[in-house]
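Here's the structure we're looking at; comments come further down.
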Amino acid sequence: MANETATMMDVPLTIDLVVDRAERWMRGTEVVSRRPDKSITRTTYGAVAARARKLARALVHAGIGRGDRVATLMWNHSEHLECYFGIPLAGAATHTLNLRLHPDEIAYIANDAGDRYVIVDDCLLPLFDKVVAAGAKFERVIVVGAPGTHEPYERFLESAPASTALPKLAETDALAVCYTSGTTGKPKGVVYSHRSTILHSIVEVIPDSLGLSRADTLLPVVPMFHVNAWGLPYACALVGAKLVFPGPHLDAANLLELFQNEKVTVGAGVPTIWLGIREALDANPGKWQLQPGLRMIVGGSAAPEQMIRDFDRLGMTLIHAWGMTETSPVGTVSRVPPHLAGADEDTRYRLRAKQGTPTPLVDLCIRNDAGDVPADDKTTGELMVRGPWIAARYAGGHSPERWTADGWFRTGDVARIDEHGFIQLTDRVADQIKSGGEWISSQELENSLMGHPAVKEAAVVGVPHAKWSERPLAVVVLKPGATVTADELRDHLAPKFAKFWLPDAVVFVEAIPRTSAGKFKKTELRDTYRDHYS
Ligand code: AMP
């Protein structure tokens with residue numbers, strides 16, 4: 001016995017485990033899609049898995065193999081799910097192009113990734129033509145829906161003999177490719193492996209993480225082209241949760257109708273989506289009958305504490321998570337730990353509005369020039385992470401300085417940590433405001449401003465200032481019909497922050513510019529208001 005190696009089966013963690021399981025054990029579970037004309041189509045995991053395998057065979061028959069990239073330019077719907085499974089079953093990686101980017105940027109990203117084929121929604125063909133005009137090179141274009149002059153997806157699915165052999169997959173093979181949103185420099189590619197995706201999915205579903213089960217019906221509002229809809233389609237297939245895809249209809253009324261009609265138990269999306277939903281619910285009390293205990297996973301930018309409180313009032317639970325393209329994406333989740341379950345309401349809300357603690361298998365630290373920061377909920381540093389679904393490098397080896405010599409990924413997020421191990425993000429490194437040599441956290445000011453009853457949204461940026469080098473400026477969108485003055489907003493902030501933190505000016509606007517992932521576009525705000533204090 002001594003020195004004998006482990007006696008367990010060596011089963012590679014590859015996507016066929018998920019597809020085969022969904023097909024065999026969850027075959028009747030529904031996958032629902034809202035179409036561009038607003039009609040609803042229904043299929044099942046059984047049918048999706050069978051069609052994914054046909055897609056894989058067709059791709060192999062057409063010359064796609066291990067290491068190739070096949071792009072998608074699609075909304076959230078069941079064919080996109082088929083691509084999530086079928087492309088990696090063929091040994092290739094699914095590259096989900098972000099349709100909200102400028103066509104030049106999409107073309108750059110597609111060429112940089114070396115995408116060979118692309119599968120496109122018919123309603124996105126006008127955009128696709130611009131992407132091609134911008135220089136994107138694809139060998140083959142396959143269209144879901146009305147194909148125009150291109151190859152129809154349905155015909156492509158039938159194009160390979162059933163005997164076409166699928167490749168044997170290795171767990172370290174590339175499964176999917178996503179690009180960072182590129183707020184600094186060009187977008188960079190992150191390549192997920194079968195293993196990283198499966199481990200991420202398993203941990204994503206556990207109760208202390210996002211907590212998904214076969215009893216759930218999940219509606220990913222987060223697009224499948226944004227970090228693989230946070231990995232949720234894989235996780236849902238793994239446990240057999242029903243999936244409801246909203247297609248291109250992401251406005252509050254359409255989403256709420258789907259929530260009601262499909263008995264959705266979990267939604268997932270960025271805070272903007274939930275702000276819109278809150279507004280619709282408040283404006284139309286009793287209009288939609290939602291599932292009791294509906295949970296909403298929120299991430300991508302900070303969930304303001306007020307939003308978490310408001311949804312509790314409406315009978316829905318917000319679950320706050322943090323992550324990035326480079327982290328697959330889920331890295332931390334905020335769950336009140338049992339020893340604080342009896343704490344007062346304010347403490348519990350404060351914890352839930354933090355980004356939380358790392359999920360199993362993810363490790364984090366926060367470092368500044370003095371080393372690891374103490375758990376004092378005060379000292380800030382850069383958040384660093386490592387784990388089996390954290391990128392070890394960018395495709396092409398770009399920006400190696402994002403990794404430390406001792407193996408941590410530098411997130412570019414500034415954070416602090418409290419005695420319970422809860423991290424709270426205070427800024428992106430690039431968004432920090434330095435006034436008279438002191439740091440001011442834009443995210444904390446924003447969260448507090450969004451706690452004022454008149455404020456719908458607020459972004460705070462640093463603007464050049466002759467004396468202090470930078471001073472904060474708040475850009476605020478009011479709720480419909482609400483009024484408030486800049487002084488009233490400063491009075492609202494005054495009890496919570498040092499005097500020098502208070503924004504010198506508040507600008508009221510109709511809307512705050514956003515990135516393709518729905519985050520505040522602070523680069524644009526800084527540009528717009530750069531002369532405000534001069
Ligand atoms: P992306 O790679 O586009 O998903 O962007 C990742 C970045 O979004 C992170 O580095 C954070 O700056 C931000 N982010 C994601 N989740 C949160 C959150 N829960 N709170 C605050 N910022 C977040």
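If you go through the range 262-277 one residue at a time, do you hit one that is under 20 Å from the mean Cα position of the chain (by Cα), small (Gly, Ala, Ser) and assigned by TED's automatic domain parsing to the domain that holds Ser39? So that I can check it myself, show each step before the final result.
Going through the range 262-277, the residues under 20 Å from the mean Cα position of the chain (by Cα) turn out to be 264-277.
Next cut, small (Gly, Ala, Ser) only: 267-269, 276.
Restricting the remaining residues to those that are assigned by TED's automatic domain parsing to the domain that holds Ser39 gives none.
Looking through the range 262-277, none of the residues is under 20 Å from the mean Cα position of the chain (by Cα), small (Gly, Ala, Ser) and assigned by TED's automatic domain parsing to the domain that holds Ser39.
Against the definition (more than 23 Å from Ser334 (Cβ to Cβ), surrounded by fewer than 21 Cβ atoms within 10 Å (Cβ to Cβ) and away from the ligand (no atom under 16 Å from the Cβ)), how does Leu250 come out, yes or no? Full working, then the answer.
Numbers: more than 23 Å from Ser334 (Cβ to Cβ): yes; surrounded by fewer than 21 Cβ atoms within 10 Å (Cβ to Cβ): yes; away from the ligand (no atom under 16 Å from the Cβ): yes.
Here the answer is yes, as Leu250 does meet what is asked.
Select, from Val477, Val455, Val460, Val429, the only residue that is touching a Ser or Thr at 6+ places or on another chain (Cβ under 7 Å) and of a type in the set (A, V, I, L, M). If you could, list the steps in order and put the result at the bottom.
Working: Val477 fails: touching a Ser or Thr at 6+ places or on another chain (Cβ under 7 Å); Val455 fails: touching a Ser or Thr at 6+ places or on another chain (Cβ under 7 Å); Val429 fails: touching a Ser or Thr at 6+ places or on another chain (Cβ under 7 Å).
Answer to the check: Val460.
In the list Ala517, Ala511, Ala482, which residue meets the criterion of being assigned to a loop (DSSP other than H, G, I, E, B), in contact with a Ser or Thr (Cβ under 8 Å, 6 or more places away or on another chain) and within 16 Å of Glu457 (Cβ to Cβ)?
The conditions single out Ala517.
Anything in the range 382-413 that is over 19 Å from the mean Cα position of the chain (by Cα), assigned to a strand (DSSP E or B) and either within 13 Å of the ligand (Cβ to nearest atom) or buried (at least 21 other Cβ atoms within 10 Å of the Cβ) (or both)? List them, or say none. Don't jump to the end; show me each part of the working.
So in the range 382-413, the residues over 19 Å from the mean Cα position of the chain (by Cα) come out as 382, 392-393, 395-408.
Going one step further and asking which of them are assigned to a strand (DSSP E or B), we end up with 382, 403.
Result: Glu382, single match.
It is to be established whether one or more residues within the range 195-207 are outside any helix (DSSP H, G or I) and touching a strand residue (DSSP E or B) at 6+ places or on another chain (Cβ under 6 Å). Even if it seems obvious, please write down each step before you answer.
Narrowing the range 195-207 to residues outside any helix (DSSP H, G or I): 206-207.
Of the ones still in play, those that are also touching a strand residue (DSSP E or B) at 6+ places or on another chain (Cβ under 6 Å) are none.
Scanning the range 195-207, I find no residue that is outside any helix (DSSP H, G or I) and touching a strand residue (DSSP E or B) at 6+ places or on another chain (Cβ under 6 Å), so the answer is no.
Could you tell me which of the residues Gly135, Gly148 is assigned by TED's automatic domain parsing to the domain that holds Thr72, modelled with pLDDT of 95 or more and on the phi > 0 side of the Ramachandran plot? Give the derivation first.
Numbers: Gly148 fails: modelled with pLDDT of 95 or more.
Answer to the selection: Gly135.
Tell me yes or no: at least one residue of the range 452-463 is in a helix (DSSP H, G or I), of a type in the set (Gly, Ala, Ser) and surrounded by 15 or more Cβ atoms within 10 Å (Cβ to Cβ).
no
Which of the numbered conditions does Leu175 fail, given that it passes all the others? Conditions: (1) at negative phi; (2) within 16 Å of the ligand (Cβ to nearest atom); (3) in contact with a Ser or Thr (Cβ under 8 Å, 6 or more places away or on another chain); (4) not in a helix (DSSP H, G or I).
(2)
For the range 424-436, indicate whether the set of residues that are modelled with pLDDT of 95 or more and surrounded by 17 or more Cβ atoms within 10 Å (Cβ to Cβ) is non-empty. Walk me through how you get there before you give the answer.
Kept after step one, since they are modelled with pLDDT of 95 or more, are these residues of the range 424-436: 424-425.
If we keep only those that are surrounded by 17 or more Cβ atoms within 10 Å (Cβ to Cβ) as well, we get 424-425.
So far as the range 424-436 goes, yes, one or more of its residues are modelled with pLDDT of 95 or more and surrounded by 17 or more Cβ atoms within 10 Å (Cβ to Cβ).
Checking Thr272 against (1) within 15 Å of the ligand (Cβ to nearest atom); (2) of a type in the set (S, T, N, Q); (3) modelled with pLDDT of 95 or more, which single condition isn't satisfied?
Answer for Thr272: the failing condition is (3).
Quick one: in the range 476-499, which of the residues that are of a type in the set (A, V, I, L, M, F, W, C) and under 16 Å from Ile440 (Cα atoms) is surrounded by the most Cβ atoms within 10 Å (Cβ to Cβ)?
Leu493
Going by the conditions given, is Ala280 modelled with pLDDT of 95 or more, surrounded by fewer than 23 Cβ atoms within 10 Å (Cβ to Cβ), touching a helix residue (DSSP H, G or I) at 6+ places or on another chain (Cβ under 8 Å) and assigned to a helix (DSSP H, G or I)? Quick ask: steps written out before the conclusion?
Numbers: modelled with pLDDT of 95 or more: yes; surrounded by fewer than 23 Cβ atoms within 10 Å (Cβ to Cβ): yes; touching a helix residue (DSSP H, G or I) at 6+ places or on another chain (Cβ under 8 Å): yes; assigned to a helix (DSSP H, G or I): yes.
Considered against the rule, which asks whether it is modelled with pLDDT of 95 or more, surrounded by fewer than 23 Cβ atoms within 10 Å (Cβ to Cβ), touching a helix residue (DSSP H, G or I) at 6+ places or on another chain (Cβ under 8 Å) and assigned to a helix (DSSP H, G or I), Ala280 comes out as yes.
Out of the range 496-534, which residues are within 16 Å of the ligand (Cβ to nearest atom) and small (Gly, Ala, Ser)?
Answer for the range 496-534, where residues must be within 16 Å of the ligand (Cβ to nearest atom) and small (Gly, Ala, Ser): Ser516, Ala517, Gly518.
Restricted to the range 508-517, and to residues that are surrounded by 15 or more Cβ atoms within 10 Å (Cβ to Cβ) and among the aliphatic types (A, V, I, L, M), which residue is nearest to Arg100 (Cα to Cα)?
Filtering the range 508-517 for residues that are surrounded by 15 or more Cβ atoms within 10 Å (Cβ to Cβ) and among the aliphatic types (A, V, I, L, M), the one nearest to Arg100 (Cα to Cα) comes out as Ala517.
Out of the range 137-172, which residues are part of a loop (DSSP other than H, G, I, E, B) and in contact with a strand residue (DSSP E or B) (Cβ under 8 Å, 6 or more places away or on another chain)? Can you show your working first?
As a first pass, look at the range 137-172 and keep what is part of a loop (DSSP other than H, G, I, E, B): 137-139, 145-150, 158-172.
Result: Phe138, Glu139, Gly145, His150, Glu171, Thr172.
Just name the residue that is surrounded by the fewest Cβ atoms within 10 Å (Cβ to Cβ) out of those in the range 26-42 that are touching a strand residue (DSSP E or B) at 6+ places or on another chain (Cβ under 7 Å) and of a type in the set (Ser, Thr, Tyr). Walk me through it before giving the result.
Keep residues of the range 26-42 that are touching a strand residue (DSSP E or B) at 6+ places or on another chain (Cβ under 7 Å), which gives 27-35, 40-42.
Next, from what is left, pick out any that are of a type in the set (Ser, Thr, Tyr): 29, 33, 41.
Numbers: Thr29: 20, Ser33: 21, Thr41: 14.
Within the range 26-42, the match that is surrounded by the fewest Cβ atoms within 10 Å (Cβ to Cβ) is Thr41.
Cβ contacts < 6 Å: first residue in contact (Cβ under 8 Å) with a residue 12 or more places away in the chain and closer than 19 Å to Val177 by Cα, restricted to the range 388-410; second residue of a type in the set (Val, Ile, Thr) and not in a loop (DSSP other than H, G, I, E, B), any location; separation 6+ or different chain. Result?
Ile390/Thr327; Ala391/Val190; Ala395/Val191; Phe409/Val385
Kindly indicate whether Glu105 is of a type outside the set (Ser, Thr, Tyr), within 16 Å of the ligand (Cβ to nearest atom) and under 30 Å from Thr265 (Cα atoms).
Details: of a type outside the set (Ser, Thr, Tyr): yes; within 16 Å of the ligand (Cβ to nearest atom): yes; under 30 Å from Thr265 (Cα atoms): no.
Answer is no for this residue.
Looking at (1) over 28 Å from Arg428 (Cβ atoms); (2) in a helix (DSSP H, G or I); (3) not hydroxyl-bearing (Ser, Thr, Tyr), which one does Leu219 not meet, given that it meets all the others?
(2)
Across the range 459-495, what is the total count of residues that are in contact with a strand residue (DSSP E or B) (Cβ under 7 Å, 6 or more places away or on another chain) and touching a residue at least 24 places away in the same chain (Cβ under 8 Å)?
Going through the range 459-495, the residues in contact with a strand residue (DSSP E or B) (Cβ under 7 Å, 6 or more places away or on another chain) turn out to be 459-465, 468-479, 484, 486, 489.
Okay, now just the ones that are also touching a residue at least 24 places away in the same chain (Cβ under 8 Å), so 459-465, 468-479, 484, 489.
Residues that pass the stated criteria total 21.
Would you mind listing the strands (runs of 3 or more DSSP E) fully within the range 290-354 where at least 2 residues are within 10 Å of the ligand (Cβ to nearest atom), hydroxyl-bearing (Ser, Thr, Tyr) and in contact (Cβ under 8 Å) with a residue 12 or more places away in the chain?
Working: elements: 295-298, 317-323, 330-334.
Ranges flagged: 330-334.
The values are calculated or read from the model by the stated rules, or taken from the named source; none is laboratory data. Quick caveat, the model's predicted, so the values are computed rather than measured. Methodologically, a virtual Cβ is constructed for each residue, glycine included, from the backbone with ideal geometry; neighbour enumeration extends over all protein chains shown.
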